[in-house]
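> Below is a structure I'd like to ask you about.
Since every read-out is calculated from the coordinates, none of them should be taken as a lab result. These figures come from a predicted structure and were not determined experimentally. Ideal geometry is used to build each Cβ from the backbone, glycine not excepted, and the neighbour counts take in all protein chains shown.
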Amino acid sequence: MTPDLDLTSLPAWAVEPVCPTADLTGRQYTVLAIGVEAEEIASRWTDEISAEHRVHLVADAAEACRALDADLADALVGWRLLLAGPAHACLRVRARAIELGAADDEITVASTEVATREIYCAHCRTTTIAPAGLTEEISCPGCGRGLFVYYHVSRRLGAHLGFATKADAP
């Protein structure tokens with residue numbers, strides 16, 4: 001049985017690709033585009049923004065987090081994050097933004113791809129990036145267990161919960 005996604009911690013943009021309009025209520029913006037597919041979205045957003053903004057075209061979540069760290073260091077009241085890219089990378093960057101004090105209503109996300117997921121093993125704490133659908137099973141490279149990819153996403157880690165599907169698993 002599939003749970004009502006509104007009752008899970010999984011954002012809708014991590015299930016289906018979405019491309020919302022820019023939040024134009026801010027005074028200062030960080031626009032992060034992760035990957036080539038996100039550049040067009042970032043360009044459209046920057047055309048809509050009349051306030052101060054910084055645009056970062058980056059290759060991966062680690063690079064996006066470094067840019068976010070730098071921009072948040074001197075952010076003002078009214079700062080907004082416009083984030084576009086693969087859902088698994090956006091989840092990671094959103095987790096970093098929240099860790100640094102950003103609120104969900106300050107973050108707009110456009111996902112370009114949702115088939116790849118970052119899965120956290122509840123048993124050995126290994127995090128794996130793999131193509132996996134919700135409720136599919138993957139093999140954990142850390143402990144070898146078969147992990148069920150669950151609907152829960154950790155806001156702290158920016159990863160899906162994976163747990164053993166068999167009680168007698170190592």
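> Going by amide H atoms built from the backbone, whose H comes under 5 Å of the H on GLU113, apart from near neighbours?
Excluding prolines and chain starts, which carry no amide H, the hits are ALA87.
> Further, regarding this structure: Determine the gain in length on full extension of the stretch SER50-LYS166; use 0.36 nm per residue of separation and subtract their C-alpha separation, reporting nm with one decimal.
So the extension gain works out to 36.4 nm.
> P(r) for the stretch 58-117, please, calculated from all Cα pair distances in 5 Å bins and given in %.
4, 19, 33, 26, 13, 4, 1, 0
> Could you tell me which of THR126, LEU157, THR108 has its Cα farthest along the dipole of the chain towards the positive end, charges placed at Cβ (Lys, Arg +1; Asp, Glu -1), taken about the Cα centre?
Projecting each Cα onto the dipole axis, the largest value belongs to THR126.
> Return the label of the correct value of Cα extents along the principal axes in Å, as calculated from the structure shown, out of (1) 58, 29, 28; (2) 50, 34, 31; (3) 65, 28, 28.
(1)
> Here's something else I'd like to know. Compute the angle between helix 61-72 and the longest alpha-carbon principal axis of the chain, please, reported from 0 to 90 degrees and rounded to the nearest 10.
The answer is roughly 40 degrees.
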